[in-house]
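Quick notes on the structure that follows.
The values are calculated or read from the model by the stated rules, or taken from the named source; none is laboratory data. Because the structure is a prediction, the values reported are computed rather than measured. Reconstructed Cβ throughout: ideal geometry from the backbone, glycine too, with neighbour counts over all protein chains shown.
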Amino acid sequence: MSESTGPQPQPSPSQPDDSVRAELTRLRESIDNIDAAVVHMLAERFKCTQQVGVLKALHQLPPADPDREARQIARLRELAGSAKLDPAFAEKLLNFIIAEVIRHHETIADGAR
Ligand SMILES: C=C(O[C@@H]1C=C(C(=O)O)C=C[C@H]1O)C(=O)O
């Protein structure tokens, strides 16, 4: 005979206990705050880049500046590393944002022609 003590209480994924629920809620509240901050920071960044786009269009400068981008990516990778964030992820995110900015700059330049 085995020394089975019978069925043990199993954690139920659909019914976590109150302390697990409370911890999940606390973490999700912080995540929601962080997401809101990211949205506000991005909105401010796009306000600045729109102004850069107008300046470039007025002075016939190209929408993209690859040298500036290379410096930003190197800097952000460095910052990410120190913050224990994957530098490759930080680079992908910045490239994604910059691509959108360049698209805006092209639209502004087209409107100025
Ligand atoms: C905002 C600029 O335009 C583009 C967008 C960039 C950005 O979003 O950071 C950086 C370089 C440019 O390709 C700029 O030249 O500073």
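Structure notes:
To keep it simple, each residue is scored yes or no on (1) under 18 Å from Leu94 (Cα atoms); (2) at pLDDT 95 or above.
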site	(1), (2)
Pro7	no, no
Pro11	no, no
Arg26	no, yes
Glu29	no, yes
Leu42	yes, yes
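- Residue check: Ile31 meets all listed conditions (1) assigned to a helix (DSSP H, G or I); (2) surrounded by 12 or more Cβ atoms within 10 Å (Cβ to Cβ); (3) more than 16 Å from the ligand (Cβ to nearest atom) but one, namely (2).
- Residue within region 58-65 that is farther than 24 Å from Val38 by Cβ, away from the ligand (no atom under 11 Å from the Cβ) and part of a helix (DSSP H, G or I) present: yes
- Total residues in region 67-96, condition surrounded by 14 or more Cβ atoms within 10 Å (Cβ to Cβ) and near the ligand (Cβ under 9 Å from one of its atoms): 3
- Yes/no for Ala64 being surrounded by 12 or more Cβ atoms within 10 Å (Cβ to Cβ), without any contact (Cβ under 8 Å) to a residue 60 or more places away in the chain and touching a Lys or Arg at 6+ places or on another chain (Cβ under 9 Å): no
- Filtered residues of region 97-108 (kept if more than 10 Å from the ligand (Cβ to nearest atom) and of a type in the set (Asp, Glu)): Glu106
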